[in-house]
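Working notes for the structure below.
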Amino acid sequence: MPPIAAQTVLPEIKVSSRGAARLKSGHVWVYRSDVLVADGIPPGALIMVTDQRGKPLGTALYSSSSQIAVRLISRERVSDFLYLLRQRIADAIKYRELVVRESNAYRLIFSEADFLPGLIVDRYNDIVSVQILTQAMDANPVRGTVISKINDLVNPESIVERVDPRVLELETLPPRPSGLLQGELTSTTFTMNGVQFYYDGLEGQKTGAFLDQRENYAAAAQYAHGETLDVFCYQGGFALHVAQRCSQVTGVDSSRPALEVADRNATLNGREIEWIEANAFDLLKDYAAANRRYDTIILDPPAFAKSKRDLDSALRGYKELNLRALKMLRPGGILVTCSCSYHVDPTSFLEMLSQAAVDARRTLRLVEVRGQAKDHPVLLSVPETAYLKCVITEVST
Ligand code: SAH
């Protein structure tokens, strides 16, 4: 029973009092351990969720394999999911008109935060990239509706699907490669904050670029100066944004393909930037030992804490990086430091930074505490939707 045609009677799933309390607090997930009865419910089905006594809590999408078994889509009874889907896609796109400025690349749909759990859609100028993360969103009628609505509202030259093999495995969906869903164009250029970037729909990490940093790039560009080091630079997002204000910029990453695109991006923007392929931990250690000094350092490492269990080692990793960077900054220097690990909350991140400053014998002034760009909305009642931290500090002494 896929979540397709309008249904008057939905199958029911009973959840524990803990699961019910979670939904009542405004969250939208129920973990498998809180599902009491889900007999015979097919993968990806549209379901009614009820509490232990059978009282309805809302309509949800079911996954037969993920730890997140239930993702609520409405507190009401929904009989026509495809109708709701079309409406929500339109709402999500309209919201971007409100919050996105100076860019033709941004996230159009951000899963739970746009009330469309399991669906991520990004726009890179004339290419749209779709990522499907759940059984329900993978059903053919759902995919068809998503694509036709995007065509109506965005009218891209082509649509690519980005596949995360790990997600397919978790959702027991058949393996398949990333590829074109429509059109022939697989690469293009896009602009954000006046900076141009190449985009290849079938290469690169995430859905191609780190769109969630878009507003942080602009913020960093406001304070960056002098000799600048962009560590974990990927395709040069920060480096290219700050280049106009800085006397010299070096970008560091361990991925050669990322640096090759970074170099092409620099040429596209008429900038001269030095790119170094290295392990950031080793490079910072060597540079600190060699008494190198910088006016601006940007740290944007990959997520160190993939789960709660990794939290302590993640914080140690962040501290090591930040400590080394702080030691190398001249007085009046700027540190832009990021974490995209949801499990590291903003308070712990600031505490880590404060301890790193003490150990480095530096005094920090907090210039800005930032999060993800507004096209990656945060749902207050779903803390997992807020994951990116970007702290900008000035080294006073
Ligand atoms: N700042 C980038 C995004 C960084 S994503 C932007 O705004 O676009 C994290 C980057 O860290 C990836 O490009 C990855 O290749 C790189 N990376 C991961 N481990 C690394 C390591 N040990 N040393 C250097 N780079 C690393």
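If the Cβ limit is 7 Å and pairs must be 6+ apart or interchain, which residue in the stretch 88-113 that is more than 23 Å from Gly201 (Cα to Cα) and at pLDDT 95 or above pairs with which residue that is among the β-branched types (Val, Ile, Thr) and surrounded by fewer than 21 Cβ atoms within 10 Å (Cβ to Cβ)?
Glu112/Val382; Glu112/Thr385; Ala113/Val378; Ala113/Thr385
Inspect the stretch 353-364 for any residue being assigned to a loop (DSSP other than H, G, I, E, B), open to solvent by less than 10 Å² (accessible area, probe 1.4 Å) and touching a helix residue (DSSP H, G or I) at 6+ places or on another chain (Cβ under 8 Å) and give the result as yes or no. Show your work before the answer.
If we filter the stretch 353-364 for residues that are assigned to a loop (DSSP other than H, G, I, E, B), which is where we start, we get 361-363.
Then keep just the ones that are open to solvent by less than 10 Å² (accessible area, probe 1.4 Å); that gives none.
No, the stretch 353-364 contains no residue that is assigned to a loop (DSSP other than H, G, I, E, B), open to solvent by less than 10 Å² (accessible area, probe 1.4 Å) and touching a helix residue (DSSP H, G or I) at 6+ places or on another chain (Cβ under 8 Å).
Just one of (1) under 24 Å from the mean Cα position of the chain (by Cα); (2) in a strand (DSSP E or B) trips up Ala92, so point out which.
(2)
Can you find, within the stretch 262-271, the residue that is nearest to the ligand (Cβ to nearest atom) among those that are in a loop (DSSP other than H, G, I, E, B) and either of a type in the set (S, T, N, Q) or free of Cβ contacts under 8 Å to residues at least 12 places away in the same chain (or both)? Walk me through it before giving the result.
First, pick out the residues of the stretch 262-271 that are in a loop (DSSP other than H, G, I, E, B): 269-271.
From what is left, the residues that are either of a type in the set (S, T, N, Q) or free of Cβ contacts under 8 Å to residues at least 12 places away in the same chain (or both) are 269-270.
On the way: Asn269: 14, Gly270: 20 Å.
Restricting to residues being in a loop (DSSP other than H, G, I, E, B) and either of a type in the set (S, T, N, Q) or free of Cβ contacts under 8 Å to residues at least 12 places away in the same chain (or both), the top hit is Asn269.
Filter the stretch 224-239 for residues that are in contact with a helix residue (DSSP H, G or I) (Cβ under 9 Å, 6 or more places away or on another chain) and open to solvent by 20 Å² or more (accessible area, probe 1.4 Å); which is farthest from Ile276 (Cα to Cα)?
Looking at residues that are in contact with a helix residue (DSSP H, G or I) (Cβ under 9 Å, 6 or more places away or on another chain) and open to solvent by 20 Å² or more (accessible area, probe 1.4 Å), I get His225.
For the stretch 115-129, how many residues are open to solvent by 10 Å² or more (accessible area, probe 1.4 Å), of a type in the set (A, V, I, L, M, F, W, C) and part of a strand (DSSP E or B)?
We begin by selecting, within the stretch 115-129, every residue open to solvent by 10 Å² or more (accessible area, probe 1.4 Å); these are 115, 120, 123, 125-126.
Then keep just the ones that are of a type in the set (A, V, I, L, M, F, W, C); that gives 115, 120.
When the remaining residues are screened for being part of a strand (DSSP E or B), the result is 120.
Residues meeting the conditions: 1.
Answer yes or no: is there a residue in the stretch 100-108 that is over 12 Å from Lys374 (Cα atoms), crowded, with 21+ Cβ neighbours inside 10 Å and of a type outside the set (Phe, Trp, Tyr). Explain how you work it out, then say what you get.
Looking only at the stretch 100-108, we keep the residues that are over 12 Å from Lys374 (Cα atoms), and these are 102-105.
Then keep just the ones that are crowded, with 21+ Cβ neighbours inside 10 Å; that gives 103, 105.
From what is left, the residues that are of a type outside the set (Phe, Trp, Tyr) are 103, 105.
Yes, there is a match, as at least one residue in the stretch 100-108 is over 12 Å from Lys374 (Cα atoms), crowded, with 21+ Cβ neighbours inside 10 Å and of a type outside the set (Phe, Trp, Tyr).
What pairs can you find where one residue is in the stretch 46-62 and within 10 Å of Glu76 (Cα to Cα), the other is open to solvent by 30 Å² or more (accessible area, probe 1.4 Å) and of a type in the set (Asp, Glu), and their Cβ atoms are less than 8 Å apart, with a gap of 6+ or different chains?
From residues that are within 10 Å of Glu76 (Cα to Cα), the pairs are Met48/Glu12; Gly58/Glu76; Thr59/Glu76.
Please work out which residue is most open to solvent (accessible area, probe 1.4 Å), limiting yourself to the stretch 197-223 and to residues that are farther than 24 Å from Thr186 by Cβ and touching a His at 6+ places or on another chain (Cβ under 8 Å).
Step one: filter the stretch 197-223 for residues farther than 24 Å from Thr186 by Cβ, giving 215-223.
In the following step, the residues that additionally are touching a His at 6+ places or on another chain (Cβ under 8 Å) were identified as 217-218, 220-221.
Numbers: Tyr217: 18, Ala218: 44, Ala220: 2, Ala221: 20 Å².
Once the filter is applied, the top-ranked residue is Ala218.
With at pLDDT below 95, outside any loop (DSSP other than H, G, I, E, B) and either open to solvent by 50 Å² or more (accessible area, probe 1.4 Å) or farther than 19 Å from Gln67 by Cα (or both) as the only criterion, which of Arg166, Arg143 stands out? Break it down into steps so the answer makes sense when it comes.
Details: Arg143 fails: at pLDDT below 95.
None of the other options fit; the residue is Arg166.
May I ask you to list the residues in the stretch 281-294 that are closer than 20 Å to Ala243 by Cα and either of a type in the set (A, V, I, L, M, F, W, C) or open to solvent by 80 Å² or more (accessible area, probe 1.4 Å) (or both)?
Going through the stretch 281-294, the residues closer than 20 Å to Ala243 by Cα turn out to be 292-294.
Arg292, Arg293, listed by residue number.
Going residue by residue through the stretch 41-50, is there one that turns out to be surrounded by fewer than 14 Cβ atoms within 10 Å (Cβ to Cβ) and more than 25 Å from Gly194 (Cβ to Cβ)?
Step one: of the stretch 41-50, the residues surrounded by fewer than 14 Cβ atoms within 10 Å (Cβ to Cβ) are 42.
Filter once more, so that each one left must be more than 25 Å from Gly194 (Cβ to Cβ): 42.
Yes.
The rows are residues; the columns are (1) in a strand (DSSP E or B); (2) open to solvent by less than 30 Å² (accessible area, probe 1.4 Å); (3) among the aliphatic types (A, V, I, L, M); (4) free of Cβ contacts under 8 Å to residues at least 12 places away in the same chain.
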site: Ile276; (1), (2), (3), (4): yes, no, yes, no
site: Ile298; (1), (2), (3), (4): yes, yes, yes, no
site: Pro302; (1), (2), (3), (4): no, no, no, no
site: Leu311; (1), (2), (3), (4): no, no, yes, no
site: Leu323; (1), (2), (3), (4): no, no, yes, no
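Which of the residues belonging to the stretch 240-259 are within 12 Å of the ligand (Cβ to nearest atom) and in contact with a helix residue (DSSP H, G or I) (Cβ under 8 Å, 6 or more places away or on another chain)?
Of all residues in the stretch 240-259, those within 12 Å of the ligand (Cβ to nearest atom) come to 240-242, 251-259.
Answer for the stretch 240-259, where residues must be within 12 Å of the ligand (Cβ to nearest atom) and in contact with a helix residue (DSSP H, G or I) (Cβ under 8 Å, 6 or more places away or on another chain): Leu240, His241, Val242, Gly251, Val252, Asp253, Ser254.
The values are calculated or read from the model by the stated rules, or taken from the named source; none is laboratory data. Worth saying up front: this structure is predicted, and the values here are computed from it rather than measured. Positions of Cβ are backbone-derived with ideal geometry, glycine not excepted, and every protein chain shown enters the neighbour counts. Remember, those area values only see protein heavy atoms, side chains included, never the ligands or the DNA or RNA. Shrake-Rupley method; radii C 1.70, N 1.55, O 1.52, S 1.80 Å.
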